[in-house]
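A short write-up of the structure that comes next.
The values are calculated or read from the model by the stated rules, or taken from the named source; none is laboratory data. Given the structure is predicted, the values throughout are model-derived calculations rather than measurements. Note that we place each Cβ from the backbone using ideal geometry, even for glycine, and neighbour counts take in every protein chain shown. For accessibility, only protein heavy atoms count, side chains too; no ligands or nucleic acids. Shrake-Rupley method; radii C 1.70, N 1.55, O 1.52, S 1.80 Å.
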Amino acid sequence: MEVGQEYEIKNFTHRKFSMKHIAVMTSGGDAPGMNACLRAVVRAAHNNKLKIYGVLNGYEGLIDNQINKLTPREVGNIIQKGGSILKTSRSKRFLQEKFRALAIKNLTKKDINSLIVIGGEGSIKGAAMIAKESNLNVLGLPATIDRDLPLVGPTIGFDTAVNTALQAIDRIRDTASTSNTVHIVEVMGRHCGWISLYAGISGGAEAVILEEFDTNIKKLTKHIKDQRTSGKTGCILIVSEGAYNAQGGDGLIKELNKISNFDLRITKLGHIQRGGNPSAVDRVLASRLGASAVDKLLQGCNKFVVAQPKDKIELIHFDKLVAKYQSDMKDYYELIFKLA
Ligand code: F6P
């Protein structure tokens, strides 16, 4: 078999190639646990006697040749830190083929033939483009607070973001139940409602409003009134930022004001959900995925996201990630209303 030739083992695309150097980057919206993941990649590479480079500023840095060697010591004391020491970007230039060609050239000039991209949906799409347009072996590691990648299960940063939202919701609950007010709490997630669902269940919310499910405002109003009649003081409604055509909490307030006279308050949690020390769950996930990615590259794997949908590490082909997002949210959604 020729070096560079693709072959299949159990439906997985592998490429027989001799490993040169690896580059790693973080991209898109940062997520707590990205640093823990970087640490794992760098140390696993070092343990396998591989040279590893870190790309600064995501795809922007790849285009601008900001690619520097990383040593195991440089990733010391970062496992507990939010953000990414490599920084990130949302690169518009990378959408143009000429800039992608430049990025690929920058890597190959340094004898790098493997790339690990740590990021969310857009970043993994970028990784798929590089894999298609070059001879590099490319793997993605799912890191986004949104948990919006199909089939991969938990993403690095999701657990921490939910816990951050939960801390805020617990505090709001104290004041809501004391002052008998209806509180709308807007959470992030872009077009995906998983943060709302997890924060809603764990925070004992009275209702969640997501893009994925239609909300009947009359029924919601009755639901809130029924809660009050049953003796509940205070009410928490979690709303995804993407709901009401991305008007989120403001959209919900407008709708409720049309048909009720609730004493409404709104809190938008915003970017605090993206920062902070990663939870133990995220650090473990990040460490496992980071180390596994290096192992998978050594096995010749190409064009996969390395993920942990259940407890085992699995490979999800890039092609499967473009499929429309299917999720089993219904049970979670209904549970919130059942337990309110
Ligand atoms: O993808 C992560 C995320 O935090 C989303 O939840 C949110 O919609 C978006 O990024 C915000 O992006 P930015 O910080 O670039 O405005």
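Miscellaneous remarks
- Straight-distance crosslink candidates among aspartates and glutamates, where the alpha carbon sits under 20 Å from Lys105 and sequence neighbours closer than 8 are dropped: Glu60, Asp64, Glu97, Glu133
- In this structure, the pairs whose alpha-carbon distance is over 29 Å, taken from Lys109/Lys312; Lys87/Lys330; Lys225/Lys254; Lys110/Lys320; Lys98/Lys320, are Lys109/Lys312; Lys87/Lys330; Lys110/Lys320.
- Extension gain (nm, one decimal) between Asn216 and Ser179, 0.36 nm per residue minus Cα-Cα: 10.7 nm
- Expressed as a whole percent, the accessible area of region 161-275 that falls on carbon and sulfur atoms is 49 (1.4 Å probe).
- Computed over the chain, the ratio Rg/Rh where both radii use C-alpha atoms and Rh is Kirkwood: 1.05
- Between region 84-150 and region 250-285, the alpha-carbon center distance in angstrom: 30 Å
- DSSP-defined beta bridges in region 161-275 - what % are antiparallel, rounded to 5: 0 percent
- With helices as the sole contributors, the chain gives -12500 deg cm²/dmol at 222 nm; each DSSP H run of n ≥ 4 counts as -39500 (n - 2.57), and the sum is divided by every residue.
- Helix 158-179 and the longest principal axis of the C-alpha atoms of the chain enclose an angle of approximately 10°.
- For region 235-288, applying the loop criterion from DSSP together with a ceiling of 11 other beta carbons within 10 Å to the trypsin sites (Lys or Arg not before Pro) yields no site.
- For the chain, the longest principal axis of the C-alpha atoms and the axis of helix 248-259 are separated by about 20°.
- For Lys20, a cut-off of 13 angstrom between C-alpha atoms picks up these aspartates and glutamates, skipping any fewer than 8 places away in its own chain: Asp111.
- Remark: for residue pairs Lys232/Lys338; Lys222/Lys258; Lys92/Lys303; Lys81/Lys125, the C-alpha separation exceeds 18 Å in Lys92/Lys303; Lys81/Lys125.
- Counting Cα-Cα pairs of region 161-275 in 5 Å increments starting at 0 gives whole-percent bin shares of 2, 13, 25, 27, 20, 10, 3, 0.
- Mean accessible surface per residue for the chain, computed with a 1.4 Å probe while every protein chain stays in place, in Å²: 46 Å²
- Helix 330-339 axis, angle to the chain major axis (alpha carbon atoms, nearest 10°): 30 degrees
- Taking every DSSP bridge with both residues inside the chain, close to 25 percent are antiparallel.
- Gyration tensor (Cα) of region 265-340, equivalent ellipsoid semi-axes in angstrom: 31, 19, 13
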